[in-house]
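Read through the structure below, which is laid out as structure tokens, and then see the notes.
The values are calculated or read from the model by the stated rules, or taken from the named source; none is laboratory data. Every value quoted in this text rests on a predicted model; they were computed, and no experiment measured them. Because the Cβ atoms are built from the backbone with ideal geometry, glycine has one as well, and the counts that use them run over all protein chains shown.
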Amino acid sequence: MNATIQTVKNTAERFLQDLKVKMKIWGILYLDRRPKNAQTLLDLEIAPGKRTEIVESLEASDYIEGPKDDVHGAIAPLWVFGKTVKGKELYIKISLGVPESEAICISFHTAEYQLQYPLRN
């Protein structure tokens with residue numbers, strides 16, 4: 001593994017550690033304003049609580065991209081991960097949000113295009 005990929009892996013692992021600690025303390029807020037987020041839960045029969053289990057199960061190998069600035073005004077950078085659930089690839093975009101508050105999941109829906117996983121062989 002080259003140095004750049006190792007750095008990305010280490011950074012993604014640190015983010016996920018921070019996310020999981022924050023979720024245990026403050027929880028996670030899901031922004032379901034976009035119909036495709038809610039539709040994915042219906043289509044895949046995912047209970048809202050199961051969604052949290054899926055986010056908690058993310059690993060560095062699920063990394064797609066990040067950290068990147070949010071054009072929608074989030075305080076903390078955004079991270080994108082992918083996860084296959086019930087044979088469907090999910091696109092999951094999350095942020096640590098502001099200090100002393102819940103993490104934020106901006107997107108949790110079926111991927112609209114083929115996701116590229118830079119940390120997978």
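So how many residues does the stretch 87-115 have that are polar (S, T, N, Q) and under 14 Å from the mean Cα position of the chain (by Cα)? Talk me through it step by step, then tell me what you get.
The initial filter retains those residues of the stretch 87-115 that are polar (S, T, N, Q), namely 95, 101, 107, 110, 114.
Next, only the ones that are under 14 Å from the mean Cα position of the chain (by Cα) stay: 95, 107, 110.
Looking only at that region, the number is 3.
When the stretch 17-39 is examined, which residues are found to be part of a helix (DSSP H, G or I) and closer than 14 Å to TRP79 by Cβ? First the steps, then the outcome.
Let us first name the residues in the stretch 17-39 that are part of a helix (DSSP H, G or I), namely 17-26, 35-39.
Of everything in the stretch 17-39, those that are part of a helix (DSSP H, G or I) and closer than 14 Å to TRP79 by Cβ turn out to be GLN17, ASP18, LEU19, LYS20, LYS22, MET23.
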Practice task
Give just the number: which of (1) farther than 21 Å from TYR117 by Cβ; (2) buried (at least 18 other Cβ atoms within 10 Å of the Cβ); (3) modelled with pLDDT of 90 or more does THR40 not satisfy?
Solution key: (1)
Exercise for the section: Run SER61 past the list (1) farther than 22 Å from VAL98 by Cα; (2) in contact with a Lys or Arg (Cβ under 9 Å, 6 or more places away or on another chain); (3) modelled with pLDDT under 95; (4) not aliphatic (A, V, I, L, M) and report the number of the one that doesn't hold. Expected result: (3)
Practice task
For the stretch 15-25, state whether one or more residues are exposed (fewer than 15 other Cβ atoms within 10 Å of the Cβ), polar (S, T, N, Q), out of contact with any Lys or Arg (no Cβ under 6 Å at 6 or more places or on another chain) and within 16 Å of LEU96 (Cα to Cα).
Solution key: yes
Practice task
Look through GLY49, GLY27 and report the one residue that is more than 23 Å from TYR113 (Cβ to Cβ) and modelled with pLDDT under 90.
Solution key: GLY49
Problem - Only one of ILE94, ILE104 that is touching a residue at least 40 places away in the same chain (Cβ under 8 Å), touching a Ser or Thr at 6+ places or on another chain (Cβ under 7 Å) and surrounded by 15 or more Cβ atoms within 10 Å (Cβ to Cβ) - result: ILE104
Exercise for the section: For the stretch 40-49, enumerate the residues that are of a type in the set (D, E, K, R) and part of a helix (DSSP H, G or I). Expected result: ASP43
Problem - Hits in the stretch 50-60 - residues which are assigned to a helix (DSSP H, G or I), surrounded by fewer than 15 Cβ atoms within 10 Å (Cβ to Cβ) and touching a residue at least 24 places away in the same chain (Cβ under 8 Å) - result: GLU56
Exercise for the section: Considering only the stretch 71-121, state which residues are over 23 Å from LEU29 (Cβ atoms) and aromatic (Phe, Trp, Tyr). Expected result: TYR113, TYR117
